[in-house]
1. Pick from A10, A67: which is small (G, A, S) and not in a helix (DSSP H, G or I)?
2. Take the range 2-29 and flag every residue that is surrounded by fewer than 24 Cβ atoms within 10 Å (Cβ to Cβ) and at positive phi.
3. So, in the range 70-125, exactly how many residues are touching an Asp or Glu at 6+ places or on another chain (Cβ under 9 Å) and among the acidic types (D, E)?
4. Under the condition of being in a loop (DSSP other than H, G, I, E, B) and surrounded by fewer than 18 Cβ atoms within 10 Å (Cβ to Cβ), which residue from the range 168-190 is modelled with the lowest pLDDT?
5. With the requirement that a residue be surrounded by 14 or more Cβ atoms within 10 Å (Cβ to Cβ) and within 22 Å of N108 (Cβ to Cβ), what does the range 30-47 give you?
6. Could you list, in sequence order, the residues of the range 123-146 that are at pLDDT below 95 and farther than 19 Å from V230 by Cβ?
7. Kindly evaluate A151 against the criterion of being at pLDDT below 95, over 21 Å from A33 (Cα atoms) and under 18 Å from the mean Cα position of the chain (by Cα).
8. All but one of (1) under 30 Å from A146 (Cα atoms); (2) surrounded by fewer than 23 Cβ atoms within 10 Å (Cβ to Cβ); (3) touching a Ser or Thr at 6+ places or on another chain (Cβ under 6 Å) hold for V50, so report the exception by its number.
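The values are calculated or read from the model by the stated rules, or taken from the named source; none is laboratory data. Just so you know, these numbers come straight off a predicted model, no measurement behind them. Heads up, the Cβs are rebuilt from the backbone with ideal geometry, glycines too, and the neighbour counts pull from every protein chain shown.
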Amino acid sequence: MALRIVISGASSGLGRALAQCYLAQGAVLGLMARRADLLQSLSEQFPHQVYYYPVDVRDEAAMRQAAHDFIARVGVPDIVIANAGVSAGTLTDYAQDNGVFQQVMDINMLGMVKTFQPFLTAMRVAGQGKLVGIASVAGFRGLPGAGAYSASKAAAISYLESLRVELRDSGVRVITICPGYVRTPMTAINPYPMPFILPADVAAQRIARVIACGKSFAVVPWQMGIVGQVLKLLPNWLYDFLFSKAPHKPRGVL
């Protein structure tokens with residue numbers, strides 16, 4: 001029987017690469033994103049494998065309606081991947097960045113909650129399934145000029161850990177994925193070196209392998225896991241010294 005998989009943020013970048021990876025495996029997908037035209041193109045290519053929902057993960061009612069439709073048409077998903085995410089440079093100095101802070105937190109963290117929530121009761125009843133949250137190595141420590149993004153991903157990591165403990169023995173597994181740098185439109189504007197950067201399709205294949213084996217936490221690629229652990233172990237004075245002059249992601253409006 002084909003896997004039933006739901007992916008948010010599926011219209012571009014890592015989300016689209018994950019969709020293409022699972023389509024190649026014969027999975028039936030529910031794809032969610034704000035850009036309907038990009039989702040529709042995949043649906044036209046794979047008419048019997050793709051159900052698409054042009055929704056915003058911040059819209060609780062729309063997310064719930066999409067989830068109910070997918071379950072009614074396809075069944076309870078085997079995997080739900082909360083991948084939707086945005087990034088923008090932010091600085092607390094500027095009041096005009098407050099709206100960007102809000103949007104980043106609403107999409108990257110609360111959007112994850114609203115992606116999982118409509119499926120959770122059905123998955124509990126079924127006693128099976130995997131909830132996969134795409135966090136980031138950026139959540140390990142606060143990066144200068146990226147306060148909103150780092151905070152949102154740190155919050156996602158903690159939220160996923162709480163959820164994992166809550167669902168222990170339910171049959172529903174929670175998997176935290178922390179990618180390093182992935183070559184997507186989101187990283188294309190970064191004005192600094194990005195070590196161990198992966199093409200989106202390669203990152204998607206590696207993430208799919210982690211999900212298949214059911215590991216509760218993974219960094220992709222593994223080299224960035226070492227970098228992240230080293231950063232976490234640095235004393236504050238040394239971390240501050242090393243990163244105080246680091247280049248910032250450009251400030252922008254989402």
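1. None of the others qualify; the one that does is A10.
2. Once the filter is applied, which keeps residues that are surrounded by fewer than 24 Cβ atoms within 10 Å (Cβ to Cβ) and at positive phi, the range 2-29 yields G13, G26.
3. Number satisfying all stated conditions: 0.
4. Within the range 168-190, the subset in a loop (DSSP other than H, G, I, E, B) is 168-172, 180-181, 184, 189-190.
Okay, now just the ones that are also surrounded by fewer than 18 Cβ atoms within 10 Å (Cβ to Cβ), so 168-171, 189-190.
Details: R168: 96, D169: 95, S170: 97, G171: 97, I189: 73, N190: 76.
Here the answer is I189.
5. Selection gives G30, L31, M32, A33, R34, A36, L38, L39.
6. The one that is at pLDDT below 95 and farther than 19 Å from V230 by Cβ: G145.
7. no
8. (1) is the only condition that V50 fails.
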